[in-house]
Structures are given as C-alpha cells and as structure tokens.
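Undergrad: Structure in structure tokens, see below.
The values are calculated or read from the model by the stated rules, or taken from the named source; none is laboratory data. Everything quoted here is computed from the prediction, not taken from an experiment. A quick note on method: Cβ atoms are made from the backbone with ideal geometry, for glycine too, and the neighbour counts reach across all protein chains shown. Accessible surface is based on the protein model in full, side chains and every heavy atom, while ligands, DNA and RNA are left aside. Shrake-Rupley method; radii C 1.70, N 1.55, O 1.52, S 1.80 Å.
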Amino acid sequence: EKGGFESFMDKEIHDQPHAVADTLLGRTDASGRIVLDDLRIDESLLRAVDKIIVVACGTAAYAGHVAKYAIEHWCRIPVEVELAHEFRYRDPIVDAGTLVVAISQSGETMDTLMAVRHAREQGAKVIAVVNTNGSTIPRESDAVLYTHAGPEIAVASTKAFLAQITAAYVLGLYLAQLRGNKFPDEIAATFDELRDMSRKVQTVIERGEYVRATARSMADADKVLFLGRHVGYPVAMEGALKLKELAYIHAEGFAAGELKHGPIALIDEGQPVFVVVPSPRGRDQLHSKVVSNIQEIRARGARTLVIAEDGDDEVRKYADEVFWIPKAPTLLQPLLAVVPLQIFAMALATAKGLDVDQPRNLAKSVTVE
Ligand code: M6R
C-alpha cells in the first residue's frame, strides 16, 4: 500500500503533484470559466457575501491563512481565519452576509464540526472544503468543495494541505468571477498558473535528497525556528508544526517582521532558522525585507536554511543552505515552499528512529473536543 515508499508520509509527499492537479480537474468549462456545479449555494447569496470566516484546525487552518491572502486580493472581501475551537467560544459576529469556509481533511474533526453548527445557527452559509467523501462536516454544511488528494493515512498532513490551498484558491477565483472583481482572462490566466503548479511541485520533490541529507546532519537539533512573511508566514508555521509533531523538536514559526519585537532574542550561535524567501520578482519589497532579516539573524550566529526561488542570487550570499524551488507567482509559492519543510521534518524524524506515520500522542482525526 505504501507503493514502495518507506512510509505513508513519504508516499503522500510524492502524491502531491496529483493532489493539486486532481483538485483542479473539471473546474473550468471550454471557455475557461470556473464552474463549481457541486456548490449548491444561490449565486445571489455569494454575490452579497460581505465577510468570509475560515474555520479549521492545525494544518487545515494554515491552509486557511494562506488562502486569506489570495481571496482578499482577488475578491476584496475581508477574510478572517479562526481556529475552530476558538471561534465558537468568542461570540463571533456572524450573520446571513457571512460565508464560513470550514477546511478539514478528515471531515470529522469535532472542533470544526461544532464551529460549522454554530455558524449555521447564526444564519451563515457554510462551504466545507473537505477531502473525505461522505464525512460528517460536508453533510452538515450548505455546500461542499471536495479536495481530491486521495486518502491521507499518515497522521501528519501533507498532500491534503496542498489540495486545501488549491481548492480555496479555486473558490476565491470563482467568487472573483461571480462578483466581477477580475476580468475573465485574468481569472483564466491565474487558473492556468495554478494548473502549472503540479509540475513545479514535482520538481521540488525531485530535489528532495539534498533536504534529506541536511536533515540527517541535524538529528541532534533541539529547537528550530521558521520565518516567513506574507504567504510565507503560514508556511513557516506549518513547517514548525511538522517538525513538532514528527520529530518532537521544539519549533516555532514567526512572521519575519516580528523578529525585532522579541523573537530575535532567541538567536544564538548555531541556532537553525528556516527562512521562506518571497520571489525577488514580486512587488512590495517583500524580498529585500526578508533578505535583511536573514542578515540580521546571521549576524547573531544563526545557521540559515533558506527556501528560495531559482535564480535568486542575492539570497545565496547570506544563506548557509539553500533549498531551491521553481519560479512561481507570490500567491502560489506556498504550494512549493512547504514541500522542503515537509521532507525535512520527515527525514529528521526518520534519522531519530521515530515512526513518521504514527507520531506519539496523536490521532489522524480528532473526533473529540
Ligand atoms: O482532518 P482535519 O483537516 O480537520 O484535521 C485538522 C488537524 O487535526 C490536522 O491538520 C493536524 O494538525 C495534522 N496532524 C497536522 O499535520
């Protein structure tokens, strides 16, 4: 069943190009328009939505954080992302103009299910972005947009994360199309770029051996930090989560801009720090800001492990290790940048002799509150 791989997790990492491609399959018509036939919510309601709240837990919540950047950019609708178990207990402002998007691989996470029920009681419409057919969350939601990652067996979520980002992006583009926020040719062009990500994810996986070798050399690390900005920030948090749950190493993801507000005090000689570097071709000086962050932590002794885009010569000067990923538009970069972090956590856990498919204290789906 592992298809010749060492673990289900390894197999599922290798399934990721398919998870992205399959989640996009059948989502456009011959003219390139996005069609979401399975989304049985009145179009007029979707046009009138004035707020989106994503509810999810763990990795699915990080997918929601990534999606927030894209959906707000494309649709100009405010998007909040809330951990499902916090949502219900804070008297959230939810009404008929709110669209709640519940993201879950299993479709059985009790915290997320309770958030769905709460949102619907307040009159919100709920779209479930779920991987498991016929599970409870889609049954209790108004509509479902399935991710087509295939069964995910390993406790640590990998391919579901890529599929969740992909599906949430399809939803964002669909809303932009419906509400006229973007021209049809812009939407079609972005969709094509999304489709092209499958091939690029494959390239990152093929470069995995260098990541594995680096991980093996770091089996005695006792704390690892992860930095990112913009969509790289949730990727940093996801990288940290993978390392905690698989390798039992204290790991934390930060927004790189937050460094000087406290976390930089953690840096001392030899401290490993992963940095997700935005594309140098992007706008907003994001790239140069992150390069300065790398210089700051390096000056304080950090060992910098950098995820950077092919051809980024600037970053090469300041990094101890570089894990290269293909060029991609900024909003799509998370689909690539997370892959070395997944491989790193898996390889480090393996080097420590741990069971990567079944880490201690964890269950694949958390069906209790
Ligand atoms: O099945 P779900 O997507 O609702 O699960 C949510 C989290 O429990 C899950 O992502 C968890 O954080 C994973 N173990 C992360 O790898």
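Undergrad: If you go through the stretch 163-172 one residue at a time, do you hit one that is open to solvent by 10 Å² or more (accessible area, probe 1.4 Å) and within 16 Å of the ligand (Cβ to nearest atom)?
TA: no
Undergrad: Looking only at the stretch 294-313, count every residue that is at pLDDT 95 or above, open to solvent by 10 Å² or more (accessible area, probe 1.4 Å) and in a helix (DSSP H, G or I) and tell me the total.
TA: Selection size over the stretch 294-313: 4.
Undergrad: Pull up the stretch 345-369, narrow it to residues that are within 14 Å of the ligand (Cβ to nearest atom) and of a type in the set (A, V, I, L, M, F, W, C), then point me to the one that is most open to solvent (accessible area, probe 1.4 Å).
TA: The residue in question is V368.
Undergrad: Still on this structure, I have one more. Within the stretch 69-158, considering only helices (runs of 4 or more DSSP H) that don't extend past its boundaries, which have at least 1 residues that are open to solvent by less than 60 Å² (accessible area, probe 1.4 Å) and polar (S, T, N, Q)?
TA: 110-121, 136-139
Undergrad: A further question follows. For a quick check of your reading of the model, give me the residue pairs whose first member lies in the stretch 53-65 and is closer than 13 Å to A128 by Cα, whose second is part of a strand (DSSP E or B) and within 6 Å of the ligand (Cβ to nearest atom), with beta-carbon atoms closer than 6 Å and at least 6 apart or on different chains.
TA: A60/S104
Undergrad: Out of curiosity, is P263 surrounded by fewer than 22 Cβ atoms within 10 Å (Cβ to Cβ), over 20 Å from the mean Cα position of the chain (by Cα) and more than 24 Å from Y169 (Cα to Cα)?
TA: It is true that P263 is surrounded by fewer than 22 Cβ atoms within 10 Å (Cβ to Cβ), over 20 Å from the mean Cα position of the chain (by Cα) and more than 24 Å from Y169 (Cα to Cα).
Undergrad: Is at least one residue of the stretch 212-219 buried (at least 21 other Cβ atoms within 10 Å of the Cβ) and of a type in the set (V, I, T)?
TA: Checked against the condition, which is being buried (at least 21 other Cβ atoms within 10 Å of the Cβ) and of a type in the set (V, I, T), the stretch 212-219 yields no hits at all.
Undergrad: Shifting gears a bit: Every residue in the stretch 57-83 that is within 16 Å of the ligand (Cβ to nearest atom) and on the phi > 0 side of the Ramachandran plot, please.
TA: Matches in the stretch 57-83: G58 only.
Undergrad: Do we find a residue being over 19 Å from A163 (Cβ atoms) and either free of Cβ contacts under 8 Å to residues at least 60 places away in the same chain or hydrophobic (A, V, I, L, M, F, W, C) (or both) anywhere in the stretch 17-28?
TA: no
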